[in-house]
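See below for the structure under consideration.
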Amino acid sequence: MDLRSLTPADLRELMLARGEAAYRAEQVFRWLHGPGAGGVGAVRAIDAPGSAPKALREALLEESPVRPLVVDTMQEGADGTRKFRFRTFDGRAIESVLIPDEKEERGKLTLCVSSQVGCAMDCGFCLTGKMGFARHLTPAEIAGQVRVLAEATGLAGTPFNIVLMGMGEPLHNYDSVMTAIRILCDEQGMAVAPRRITLSTVGLVPAMEKLAREPIMPNLAVSLHATTDAQRDRLVPINRKYPLEALIDACKLFPLKRRSRITFEYVLLDGVNDTPEDARRLVRLLNDVKAKVNLLPLNAAPGIPYERPSDARVDRFARLLAEHGVTVSVRKSRGRDIRAACGQLIVEGQKKATGRRLADVMA
Ligand code: SAH
């Protein structure tokens, strides 16, 4: 267990079990996650004054080491998007993307972080899916991507958004993702506001129902991509287990704050799901849902058996939704030149993962 995977509550328990005062937990948490806690794996702040006693920190590190999460490479795209490749303690590679807001000179940024090494969902148009699933990331690794990027870019202090839209299906790694969110949002750590976090899921219905009862809740995005079960079964295989009706029902029951909505992501595949009939079916499907739609024209790649539709087809689809009162946006693909855009995160050279695959999630 990585010391940085413990929540403030876990640390309190640990302190009490060790016969330490409860307030030490806060000090230890601040040392591990607060300002200056150290970008890379090493706990740089081990000698920082004013926090928990050095002997205590050393004893804790002895029991649960802090595992390294090191930036391997960074690539910057023409539009300012930066893709970071991290190496984990066991030699795996994961990617995160830092996306500057186009409209603002300086300031608002979005960090796109990964939740797994690879992905078991095997969606037909996604390169990460082609890697297969290697392992879940730990809470320390999920929150760590944010901490390292924030430090690497001098972000600490400026507000930024976090999207769980990197490699992996976050709800397939439910407990670690929720623990990471609790760590990120804690006042003593990075104090991220939950409304600045968006979790994107392929639609694991039982996990969505569980998420609906969490005290700290991120915004929800659902990767829909199709409007009939026959079509979605093909594009998003998990649909065979959690078909559209169950998914839409779970969305209707999802608690939303006033004025907030679920984002439905819809990747547009030329001639496959981008016809006027698809658009009309989408309008009907979302009829009773507080929804907004984000269209993602496919980022095509070798090995992906689909094409990106023309701008005219994308516009036609978007216009049909808008004419029927659906709030719609078209995601501009960022960082395509460095393969940092949606569905392009894949670690080349990493051998195809064996491990648990979709069949186990479906079972
Ligand atoms: N597993 C989660 C998180 C991934 S988010 C989910 O499915 O929601 C990444 C988004 O990019 C998802 O909506 C995904 O379906 C989409 N995507 C995947 N491959 C893509 C591609 N080649 N072009 C455009 N979008 C893609």
Here is a list of conditions, (1) within 18 Å of Asp2 (Cα to Cα); (2) modelled with pLDDT of 95 or more, and Cys119 meets all of them except one; can you say which number that is?
(1)
Per the list (1) free of Cβ contacts under 8 Å to residues at least 24 places away in the same chain; (2) in a loop (DSSP other than H, G, I, E, B), residue check on Asp288 breaks on (1)
Just one listed residue, out of Arg135, Arg87, Arg92, Arg147, is of a type in the set (Lys, Arg) and within 21 Å of Ile197 (Cβ to Cβ), and it is Arg147
Could you list, in sequence order, all residues of segment 299-319 that are among the basic types (Lys, Arg) and either surrounded by 17 or more Cβ atoms within 10 Å (Cβ to Cβ) or within 16 Å of the ligand (Cβ to nearest atom) (or both)?
Arg308, Arg313
Just give me the residues in segment 321-363 being open to solvent by 40 Å² or more (accessible area, probe 1.4 Å), at pLDDT 80 or above and touching a Gly at 6+ places or on another chain (Cβ under 6 Å), in sequence order.
Asp337
Quick check: anything in segment 204-222 basic (Lys, Arg) and touching a Leu at 6+ places or on another chain (Cβ under 6 Å)?
no
When you scan segment 46-56, do you find a residue that is at pLDDT 90 or above, over 30 Å from Arg334 (Cβ atoms) and not in a loop (DSSP other than H, G, I, E, B), even just one?
yes
Residue under question is Thr198, and the condition is that it be under 12 Å from the mean Cα position of the chain (by Cα), over 17 Å from Phe86 (Cα atoms), open to solvent by 10 Å² or more (accessible area, probe 1.4 Å) and among the polar types (S, T, N, Q); does it hold?
yes
Report yes if Phe264 is in contact with an Asp or Glu (Cβ under 9 Å, 6 or more places away or on another chain) and either within 16 Å of the ligand (Cβ to nearest atom) or open to solvent by less than 40 Å² (accessible area, probe 1.4 Å) (or both), otherwise no.
no
For segment 142-161, the count of residues that are modelled with pLDDT of 85 or more and either farther than 28 Å from Asn299 by Cα or touching a helix residue (DSSP H, G or I) at 6+ places or on another chain (Cβ under 8 Å) (or both) equals 7
Residues in segment 200-212: is at least one of a type in the set (Val, Ile, Thr) and more than 15 Å from Val113 (Cβ to Cβ)?
yes
Unmet criterion (only one of (1) within 14 Å of the ligand (Cβ to nearest atom); (2) aliphatic (A, V, I, L, M); (3) assigned to a helix (DSSP H, G or I); (4) more than 23 Å from the chain's Cα centre (by Cα)) for Ala207
(4)
Are there any pairs, at least 6 apart or on different chains, whose C-beta atoms fall under 6 Å, with the first in segment 320-335 and of a type outside the set (A, V, I, L, M, F, W, C) and away from the ligand (no atom under 12 Å from the Cβ) and the second open to solvent by 60 Å² or more (accessible area, probe 1.4 Å) and not in a loop (DSSP other than H, G, I, E, B), and if so, which?
Thr327/Lys292
Can you work out which of the residues in segment 141-163 that are open to solvent by 10 Å² or more (accessible area, probe 1.4 Å) and hydrophobic (A, V, I, L, M, F, W, C) is nearest to the ligand (Cβ to nearest atom)?
Val163
Leu296 being touching a residue at least 60 places away in the same chain (Cβ under 8 Å), crowded, with 16+ Cβ neighbours inside 10 Å, among the aliphatic types (A, V, I, L, M) and under 30 Å from Ile94 (Cβ atoms):
no
Would you check which residues across segment 76-86 are modelled with pLDDT of 90 or more, touching an Asp or Glu at 6+ places or on another chain (Cβ under 9 Å) and not hydrophobic (A, V, I, L, M, F, W, C) and list them?
Gly77, Thr81, Arg82, Lys83, Arg85
Condition set within 10 Å of the ligand (Cβ to nearest atom) and in contact with a Ser or Thr (Cβ under 8 Å, 6 or more places away or on another chain), scope segment 119-133, selection nearest to Ala301 (Cα to Cα): answer is Cys123
Kindly indicate whether any position in segment 212-231 is open to solvent by 20 Å² or more (accessible area, probe 1.4 Å), over 14 Å from the mean Cα position of the chain (by Cα) and within 20 Å of Val293 (Cβ to Cβ).
yes
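The values are calculated or read from the model by the stated rules, or taken from the named source; none is laboratory data. Treat the numbers as computed from the prediction; the structure is a model and nothing was measured. We place every Cβ from the backbone using ideal geometry, glycine too, and count neighbours over all the protein chains shown. Heavy atoms of the whole protein, side chains included, go into the accessibility calculation; ligands, DNA and RNA do not. Shrake-Rupley method; radii C 1.70, N 1.55, O 1.52, S 1.80 Å.
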